[in-house]
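Novice: Have a look at this one before I ask anything.
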Amino acid sequence: MTMRDFLRAVLLACVTAAMPALATAVDEIPAGKLPADAIPQHYALRFTVDPRTDRFSGETDIRVKLTRPADHVFLHAEHLDIGKASVSAANGASEDAKTIAHADVGVLEVRFAHQLPAGTIDLAFQYTAPFNAQLEGLYKVKVGEDAYAITQMEPVSARFAFPGFDEPRFKVPFDITLTVPVDQVAVANTLQKSETKSADGKWKMLTFATTKPLPTYLVAFAVGPWDVVDAPPVPANGVRRNPLPLRGLAPRGQGKRLAWVLGETPAVIKFYEDYTAQPYPFDKLDLLGAPDFSAGAMENAGLIVYRDALLLLDEHSPADRYRAVFNVNAHEIAHQWYGDLVTVPWWDDIWLNEAYATWAQRMATIALKPDYFGDLEALEARLATMKNDSLLTARKVRQPINGRGDIETAFDGITYQKGASVLAMFETWVGTDTFRKGMREYLASHKFGSGNSDDLIVSLTKASGKGEVFAKSMKSFLDQPGIPLVHSEVACNDGHASLTLRQSRYLPFGVLGEGEPRWGAPVCTRFGHGKESDTECFLLDRPRQTFDVEGGCPDWYLPNAQARGYYRFDMAGADLARLGDAVAQLQAPEQVVYADALSSAFHRGDLGPAAILDAMPALAASDVPQVATALFSPFEWIREELTDDRTRPVLDAYASSLYAPRLDKLGYRRRDGDATTTIALRARLAEFLALTVRDTHVRAELAGQGNAALGLDGGGKPDLSRADPDLLRTALKIAVQDGGAKAFDAAQQAFLVNRDTAQRYALLAALGATRDPALAERARNYGLDPVVQVGELYNIYGAQMDEPENRAAMWQWVQAHYAAYRARMPAFRQGYMPKEFADGRCSTQEADELSAFFAPRIKELIGGDRGLGQTLETIRQCASLRGHVGDRALAGWVEEREAHGAGSKAGGR
Ligand SMILES: [Zn+2]
């Protein structure tokens, strides 16, 4: 659907609603929001599901309130074969209704035999449908001989499973009934009420308690040979009167791997109950690990579904997987309040759901798992999103929605990470207690209903006591794209200091923005005096402001204290140098934003590569992984774009000299008592040294582990536990890169029999990472084989694109296999396709080549327009910067190093 068609449909719908009565013309199909004259009140959903077959059947009854007389209603249905539809008016008489599917927009038109008066009607549908093949709606996954049926409705896939008003503003109760083979386990959003067997004893009919009011996208159920693990109920507390039933579900044979997450869950629930002062809103909680899943996890009310790699753990799981499971679980549980209890009315406010859950999860992680460095993970996620927010084509947090492409692409870093960062920044400004007061008020006044951005801002503004300036400042980050660049300068006169701040939009070199956007940014600044420091916050909401600084002239200052501000800063040169000298005095997150200030100045063309390279040693020595590796990203850019065969070995040797001794000291295996930071640092350094810098010594250490894991060291069968769990992924890649066909075959065989999803990802990534042209082609083709699941195939292609040697062949392959590849893409992944194959492109010619292929196909990729536009802009930015920096800047640095006798020795291939 084009944008213009969408607008036309909305306009017509509005006009229609304003008319006094009577029918709409047949051609006014609501491609956007449904008209407001038919409002669902209740659903009864009955499904008959046997996952071992190819289709399911359903019966859907919907009670609907007509706000005016009508001879038809519009709702949503897609790929449903409707056998019978009927309508009953208030007097009870049932009549057949005619259905017309408008397949291009997923709309079902139900026409009545004659006009019905305003009031309550009951719609009834009988239908069958295929299980979805792209992990949407009600879909099916085969695991060996077992088959599972699972739902994923968000954002607009409920229409693949049942006819309904598939928009988040309609929150109503659902009654769900599942008829399944007697040997299958079936679960839904609520507690099971009853079970009856069919006369022939082959089927059982399960009914479930009526749900709380829910939008269609939070309806969920699953059928299959699940392992069910009962955990002790979550005890009652001061907020919740009754114990809460808690269970885990895993694919057959995997139930014991649920123990860790089930043990962690009660504390997370209690944390949110304390914070929100609202009890967990539903009658039970099931955590279900799906053997294939499109996203990470989904917050269905009372039945959270996870990609099983993000739920199931054992003693062989890497440490970062434990953190990921904790964090994702805390994110989804947060949604039970933020998203499920209070829901956004339309997708332009989806940031509320996702930013809340992201922000709340961090709060929970920092409180419950202090050694998981939740603050630093948040910061890294924010900095990654800032790359996207530096584009002129960046979305706004609160972005208008013009059709399905906008809905599917709304689930991006801007929505999650920028949204969460904005919440955290304003929380820091007003204080934790004040912010919590506003959050509680918002939840209490909208519970079991809907709330939008303005509702939240009203609650927070009221709590803040700051009046309109609070609302205006917060909105300035939601309603315009981009990152503020705060230019700062301290002036000192007779011991009296003042801080002058200016603002503009942060844009990389060569990019010219339009207009002069203004933000209201709380700029909290740390001022250092000798060994002491103190923090003051200033609201920068004009183009340029000067503030008095308490405490006299500082020795140094950092205009983003605690790194909580969603902005970048640019300091006067002398100020930046003094900050660099004081970097050891900063907190770890502050050291990371200091590194970002260097990196962003480099990308603006204000600093050369030498400034980045020379700043690396001071950070490399840190024990905090995010600090030690904070300049990896600009280093990799310099290495990729500015080096040649002569300079690259010098750069690699430099990196090895900084990091290889550190890794040797940490060792290549986890040791008893290792801190989580140590484990994470070991994994990051190993990957960087072995795969980016290609340090021969590090590669040899890891190849040994990879070969042992694959059984290539004479050990016989593959046994992945023979490698360090945290280094396994890197070790397998090296074993395959260095081991030729024998290692490739061994990894492929190991994949076929492995049922641990995280290990399967590592094995697929190893296949993709081969640099042998023939094996690389095999790996690419393997991604189209049904034995590789939809949710795991990216591991192959992502690893392939990481190796510069493979990119040209990969591009040829994509063009030749485009249709087959695209057919496996879930809706929300399609928009990312141009980006997935853009690594390494840094010239306008390479941008044009990508565009020439995708542009004619872009309409068939959901969200493709945005994905292609952003990818092309990224490539062109890269090209401008490369042209600006030129080759000489790096050559000069290299010559100087060689002159001091520090030429190449380690590194290289
Ligand atoms: Zn979420």
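The values are calculated or read from the model by the stated rules, or taken from the named source; none is laboratory data. Bear in mind the structure is a predicted one, so any value in this text is a computation, not a measurement. We place every Cβ from the backbone using ideal geometry, glycine too, and count neighbours over all the protein chains shown.
Novice: Whether any residue in segment 425-433 is at pLDDT 95 or above and over 26 Å from Arg568 (Cα atoms) is what I want to check.
Specialist: Within segment 425-433, one or more residues are at pLDDT 95 or above and over 26 Å from Arg568 (Cα atoms).
Novice: Under 22 Å from Thr676 (Cβ atoms), within 23 Å of the chain's Cα centre (by Cα) and within 16 Å of the ligand (Cβ to nearest atom), is that true of Val268?
Specialist: Numbers: under 22 Å from Thr676 (Cβ atoms): yes; within 23 Å of the chain's Cα centre (by Cα): yes; within 16 Å of the ligand (Cβ to nearest atom): yes.
Taking the combined requirement at face value, the residue satisfies it.
Novice: Determine if segment 84-107 includes at least one residue that is touching a Lys or Arg at 6+ places or on another chain (Cβ under 9 Å), of a type in the set (D, E, K, R) and in a strand (DSSP E or B).
Specialist: Yes, some residue in segment 84-107 is touching a Lys or Arg at 6+ places or on another chain (Cβ under 9 Å), of a type in the set (D, E, K, R) and in a strand (DSSP E or B).
Novice: Okay, moving on. Take Ile333 and decide whether it is within 15 Å of the ligand (Cβ to nearest atom) and without any contact (Cβ under 8 Å) to a residue 40 or more places away in the chain.
Specialist: Details: within 15 Å of the ligand (Cβ to nearest atom): yes; without any contact (Cβ under 8 Å) to a residue 40 or more places away in the chain: no.
No: the conditions fail for Ile333.
Novice: Additional query: Of the residues Arg247, Arg241, which single one is among the basic types (Lys, Arg), more than 26 Å from Ser317 (Cα to Cα) and not in a helix (DSSP H, G or I)?
Specialist: Working: Arg247 fails: more than 26 Å from Ser317 (Cα to Cα).
Result of the check over Arg247, Arg241: Arg241.
Novice: Moving to a separate point now. Which of the residues belonging to segment 336-350 are within 13 Å of the ligand (Cβ to nearest atom) and at pLDDT 95 or above?
Specialist: Step one: of segment 336-350, the residues within 13 Å of the ligand (Cβ to nearest atom) are 336-340, 343-344, 350.
Of everything in segment 336-350, those that are within 13 Å of the ligand (Cβ to nearest atom) and at pLDDT 95 or above turn out to be Gln336, Trp337, Tyr338, Gly339, Asp340, Thr343, Val344.
Novice: In this structure, does Asp433 turn out to be within 16 Å of the ligand (Cβ to nearest atom) and either surrounded by 23 or more Cβ atoms within 10 Å (Cβ to Cβ) or without any contact (Cβ under 8 Å) to a residue 60 or more places away in the chain (or both)? Walk me through how you get there before you give the answer.
Specialist: Numbers: within 16 Å of the ligand (Cβ to nearest atom): no; either surrounded by 23 or more Cβ atoms within 10 Å (Cβ to Cβ) or without any contact (Cβ under 8 Å) to a residue 60 or more places away in the chain (or both): yes.
So Asp433 fails the test.
Novice: When residues of segment 314-330 are filtered for being of a type in the set (Phe, Trp, Tyr) and free of Cβ contacts under 8 Å to residues at least 40 places away in the same chain, how many remain?
Specialist: Going through segment 314-330, the residues of a type in the set (Phe, Trp, Tyr) turn out to be 322, 326.
Filter once more, keeping what is free of Cβ contacts under 8 Å to residues at least 40 places away in the same chain: none.
The number of residues fulfilling the criteria is 0.
Novice: Related question: Restricting to segment 121-170, name every residue that is under 28 Å from Leu341 (Cα atoms), touching a Phe, Trp or Tyr at 6+ places or on another chain (Cβ under 7 Å) and small (Gly, Ala, Ser).
Specialist: If the condition is that a residue be under 28 Å from Leu341 (Cα atoms), touching a Phe, Trp or Tyr at 6+ places or on another chain (Cβ under 7 Å) and small (Gly, Ala, Ser), then Gly137, Ala149, Ala158, Gly164 are the ones that fit.
Novice: If I ask for residues that are buried (at least 21 other Cβ atoms within 10 Å of the Cβ) and acidic (Asp, Glu), which ones from segment 636-656 would you list?
Specialist: If the condition is that a residue be buried (at least 21 other Cβ atoms within 10 Å of the Cβ) and acidic (Asp, Glu), then Asp652 is the only one that fits.
Novice: Next question. Exactly one condition in (1) of a type outside the set (Lys, Arg); (2) in a helix (DSSP H, G or I); (3) more than 16 Å from the ligand (Cβ to nearest atom); (4) farther than 19 Å from Ala324 by Cβ is not met by Gln278; state its number.
Specialist: (2)
Novice: Right, next: Residues in segment 354-406 that are within 21 Å of Gly451 (Cα to Cα), of a type in the set (A, V, I, L, M) and in contact with a Leu (Cβ under 8 Å, 6 or more places away or on another chain): how many? I'd like the intermediate steps shown before the answer.
Specialist: Taking segment 354-406 as the starting set, the residues that turn out to be within 21 Å of Gly451 (Cα to Cα) are 354-361, 396-402, 406.
In the following step, the residues that additionally are of a type in the set (A, V, I, L, M) were identified as 355, 357, 360, 397, 401.
From what's left, in contact with a Leu (Cβ under 8 Å, 6 or more places away or on another chain): 355, 397.
Number satisfying all stated conditions: 2.
Novice: Within segment 302-330, can you find the residues that are within 13 Å of the ligand (Cβ to nearest atom) and of a type in the set (A, V, I, L, M, F, W, C)?
Specialist: Across segment 302-330, the qualifying residues are Ile304, Val305, Leu310, Val328, Ala330.
Novice: On to the next question. How about segment 872-886: which of its residues are at pLDDT below 95 and touching a Ser or Thr at 6+ places or on another chain (Cβ under 6 Å)?
Specialist: none
Novice: Another question, if that's okay. Given Leu287, Leu258, Leu246, Leu311, which one is under 24 Å from Ala680 (Cα atoms) and without any contact (Cβ under 8 Å) to a residue 60 or more places away in the chain?
Specialist: Values: Leu287 fails: under 24 Å from Ala680 (Cα atoms); Leu246 fails: under 24 Å from Ala680 (Cα atoms); Leu311 fails: without any contact (Cβ under 8 Å) to a residue 60 or more places away in the chain.
When all the criteria are applied, what remains is Leu258.
Novice: Which count do you get for residues in segment 825-869 that are modelled with pLDDT of 95 or more, polar (S, T, N, Q) and either buried (at least 22 other Cβ atoms within 10 Å of the Cβ) or in a helix (DSSP H, G or I) (or both)?
Specialist: Of the residues in that region, 3 qualify.
Novice: If you don't mind, there's one more thing I want to ask. Only one residue in Ala295, Ala290 is under 15 Å from the mean Cα position of the chain (by Cα) and under 18 Å from Met153 (Cβ atoms). Which one?
Specialist: It is Ala295.
Novice: From the list Val239, Val229, exactly one residue is among the β-branched types (Val, Ile, Thr) and under 18 Å from Asn329 (Cβ atoms). Which is it? Before you say what the answer is, go through the steps one by one.
Specialist: Details: Val239 fails: under 18 Å from Asn329 (Cβ atoms).
Going through Val239, Val229 in turn, just one is among the β-branched types (Val, Ile, Thr) and under 18 Å from Asn329 (Cβ atoms): Val229.
Novice: Is it fair to say Val753 is more than 28 Å from the chain's Cα centre (by Cα) and either modelled with pLDDT under 95 or surrounded by 16 or more Cβ atoms within 10 Å (Cβ to Cβ) (or both)?
Specialist: On the way: more than 28 Å from the chain's Cα centre (by Cα): yes; either modelled with pLDDT under 95 or surrounded by 16 or more Cβ atoms within 10 Å (Cβ to Cβ) (or both): yes.
Yes: the conditions hold for Val753.
Novice: Since Ala381 meets every condition but one in (1) within 16 Å of the ligand (Cβ to nearest atom); (2) buried (at least 19 other Cβ atoms within 10 Å of the Cβ), which condition does it not meet?
Specialist: Of everything listed in (1) within 16 Å of the ligand (Cβ to nearest atom); (2) buried (at least 19 other Cβ atoms within 10 Å of the Cβ), Ala381 misses just condition (2).
Novice: Here are Leu499, Leu423: which of them is crowded, with 21+ Cβ neighbours inside 10 Å and either within 16 Å of the ligand (Cβ to nearest atom) or in a loop (DSSP other than H, G, I, E, B) (or both)?
Specialist: Working: Leu499 fails: either within 16 Å of the ligand (Cβ to nearest atom) or in a loop (DSSP other than H, G, I, E, B) (or both).
Going through Leu499, Leu423 in turn, the sole match is Leu423.
Novice: Would you check if there is a residue in segment 401-411 being free of Cβ contacts under 8 Å to residues at least 12 places away in the same chain and outside any helix (DSSP H, G or I)?
Specialist: Taking segment 401-411 as the starting set, the residues that turn out to be free of Cβ contacts under 8 Å to residues at least 12 places away in the same chain are none.
No: segment 401-411 contains no residue that is free of Cβ contacts under 8 Å to residues at least 12 places away in the same chain and outside any helix (DSSP H, G or I).
Novice: Continuing with the same structure: Could you name every one of the helices (runs of 4 or more DSSP H) located completely within segment 622-730 that has at least 1 residues being without any contact (Cβ under 8 Å) to a residue 24 or more places away in the chain and under 30 Å from Gln749 (Cα atoms)?
Specialist: Working: elements: 625-628, 632-642, 647-666, 676-687, 696-709.
Fully inside segment 622-730 and qualifying: 696-709.
Novice: Quick check on my filter: what residues within segment 289-301 are more than 16 Å from the ligand (Cβ to nearest atom) and either under 18 Å from Leu443 (Cβ atoms) or touching a Gly at 6+ places or on another chain (Cβ under 8 Å) (or both)?
Specialist: Hits for segment 289-301 are Gly289, Asp292.
Novice: What are the residue pairs meeting all of these: first residue in segment 531-558, first residue without any contact (Cβ under 8 Å) to a residue 24 or more places away in the chain, second residue part of a strand (DSSP E or B) and among the aromatic types (Phe, Trp, Tyr), Cβ atoms under 6 Å, and 6 or more apart or on different chains?
Specialist: That search, which allows pairs on different chains as well, returns Asp534/Phe527.
Novice: Let me ask another. Name every residue in segment 362-375 that is part of a helix (DSSP H, G or I) and either near the ligand (Cβ under 9 Å from one of its atoms) or charged (D, E, K, R) (or both), in order of residue number.
Specialist: Narrowing segment 362-375 to residues part of a helix (DSSP H, G or I): 362-368, 370-372, 374-375.
Correct list: Arg362, Asp371, Asp375.
Novice: Here are some conditions: (1) in a loop (DSSP other than H, G, I, E, B); (2) within 16 Å of the ligand (Cβ to nearest atom). Thr393 meets all but one. Which one does it not meet?
Specialist: (2)
Novice: Please find, among Ala324, Ala355, Ala330, Ala334, the residue that is surrounded by fewer than 24 Cβ atoms within 10 Å (Cβ to Cβ) and either in a helix (DSSP H, G or I) or of a type in the set (Val, Ile, Thr) (or both).
Specialist: Details: Ala355 fails: surrounded by fewer than 24 Cβ atoms within 10 Å (Cβ to Cβ); Ala330 fails: surrounded by fewer than 24 Cβ atoms within 10 Å (Cβ to Cβ); Ala334 fails: surrounded by fewer than 24 Cβ atoms within 10 Å (Cβ to Cβ).
Of Ala324, Ala355, Ala330, Ala334, the one residue that is surrounded by fewer than 24 Cβ atoms within 10 Å (Cβ to Cβ) and either in a helix (DSSP H, G or I) or of a type in the set (Val, Ile, Thr) (or both) is Ala324.
Novice: Also, quick follow-up: Determine whether segment 559-571 contains at least one residue that is free of Cβ contacts under 8 Å to residues at least 60 places away in the same chain, closer than 20 Å to Pro617 by Cβ and not basic (Lys, Arg).
Specialist: Scanning segment 559-571 turns up no residue that is free of Cβ contacts under 8 Å to residues at least 60 places away in the same chain, closer than 20 Å to Pro617 by Cβ and not basic (Lys, Arg).
Novice: Another question, if that's okay. Conditions first: (1) surrounded by 16 or more Cβ atoms within 10 Å (Cβ to Cβ); (2) among the basic types (Lys, Arg); (3) free of Cβ contacts under 8 Å to residues at least 60 places away in the same chain. Arg252 passes all but one, so which condition is the exception?
Specialist: Here Arg252 clears every test but (3).
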